[in-house]
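Please read the structure below before turning to the comments.
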Amino acid sequence: MPATDLEDRFGAKIATGREYTHRYNIAPGDRLEVITNDAPDAIDQYHWGLIPEWADDPDDGLINARSETADEKRTFRDAWESRPCLVLSSGFYEWHARNGGPKQPYRIFREDGPAFAMAGLWDEWEHGSETRSCVTILTTEPNDLMESIHDRMPVVLSKDSESEWLSADPDTRKDLCQPYPENDLDAYEISTRVNNPTNDDPSVIEPLDHDQTGLGEFSSS
């Protein structure tokens, strides 16, 4: 979506010095649009993959964290306590293999609006003279829609709980990590072009063009 629409949706401005470009295919290690608890009025860009403080290589970042256990894990414990963030998106991808065949990619999106926020944790990784702001996306059990595609899903926040996620205490945030209602999400098959991160154009999110999508078992009613 255009930068102005993104700013209007989340009541925040693109951070000074950042250039926003609408993306269609973001891979681990790329930059994600985030709003952190330290700067709730700014949309910044952070490296996708939370890098442990002991890591020597930024490629060692962890792109997801289980919300049920993030507070117990050494890698995420401090971020869980004090560094929540919103990860902004208009959809996410998941892959499903039916009957042992090749994995079919799906795009999952929110039906009631063009953008939403996923719950995330952020950190600052320092190694020598390099400093990198990084983020991981929290996951939870799948809702009925996602269960037939994958055994996990991102923690998608309702619009009403976005501000609370940034300001609440850890126990309250834990309670917010629930499967998002399936009747507000939908999914459709897309081309395997999404498997190559260099394919980053609108055609990536177009529904797969064939007569039988097999989506009946996945789409919400």
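Which whole-percent values make up P(r) of the chain when all C-alpha to C-alpha distances are grouped in 5 Å steps starting at zero?
Percent of Cα pairs in each bin: 1, 7, 14, 18, 20, 18, 12, 6, 2, 1, 0.
So what is the relative contact order for the chain, in percent, with contacts set as C-alpha pairs under 8 Å and at least six apart?
About 20 percent, as a whole number.
May I ask you to list the residues of region 110-137 whose amide nitrogen lies under 13 Å from a point 7 Å from Cα along the Cα→beta-carbon direction of ASP175?
Zone members listed by number: none at all.
Positive end of the dipole of region 78-216, charges at C-beta (+1 Lys, Arg; -1 Asp, Glu), about the Cα centre: which of SER167, ALA97, ALA115 has its Cα farthest in that direction?
Farthest towards the positive pole: ALA97.
Give the calculated FRET efficiency between ASP59 and ALA168 to the nearest 0.05, with a Förster radius of 22 Å applied to their Cβ-Cβ distance.
E between ASP59 and ALA168, to the nearest 0.05, is 0.10.
Express in whole angstrom the spacing between the alpha-carbon centres of region 166-194 and region 1-38.
18 Å
For labels at ARG23 and ASP151 in the simple 7 Å Cα→Cβ model, what's the distance in nm?
2.8 nm
When the Kirkwood hydrodynamic radius is evaluated over all pairs of different C-alpha atoms of region 30-106, what value in angstrom, to one decimal, is obtained?
14.7 Å
Just the number, please: carbon plus sulfur as a percent of the accessible area of region 108-190, 1.4 Å probe, no ligands or DNA/RNA counted.
The C+S portion of the solvent-accessible surface of region 108-190 is 41 percent.
Using the heavy atoms of the protein chains alone and a 1.4 angstrom probe, what is the accessible area of region 1-64 per residue in square angstrom?
Ligands and nucleic acids excluded, the result is 54 Å² per residue.
At a 10 angstrom cut-off on C-beta neighbours, averaged per residue, how do the peptides 84-97, 128-141 rank from highest to lowest?
By packing density, highest mean first, the sequence is 84-97, 128-141.
Taking only DSSP H segments of four or more residues, each worth -39500 (n - 2.57), what value at 222 nm results for the chain once the sum is divided by all its residues, to the nearest 500 deg cm²/dmol?
-3000 deg cm²/dmol
The values are calculated or read from the model by the stated rules, or taken from the named source; none is laboratory data. What you see is a predicted model; the values in this text were computed from it and never measured. Every residue, glycine as well, gets a Cβ built from its backbone with ideal geometry; the counts of neighbours run over all protein chains shown. Keep in mind that these areas ignore ligands, DNA and RNA; they rest on the heavy atoms of the full protein, side chains included. Shrake-Rupley method; radii C 1.70, N 1.55, O 1.52, S 1.80 Å.
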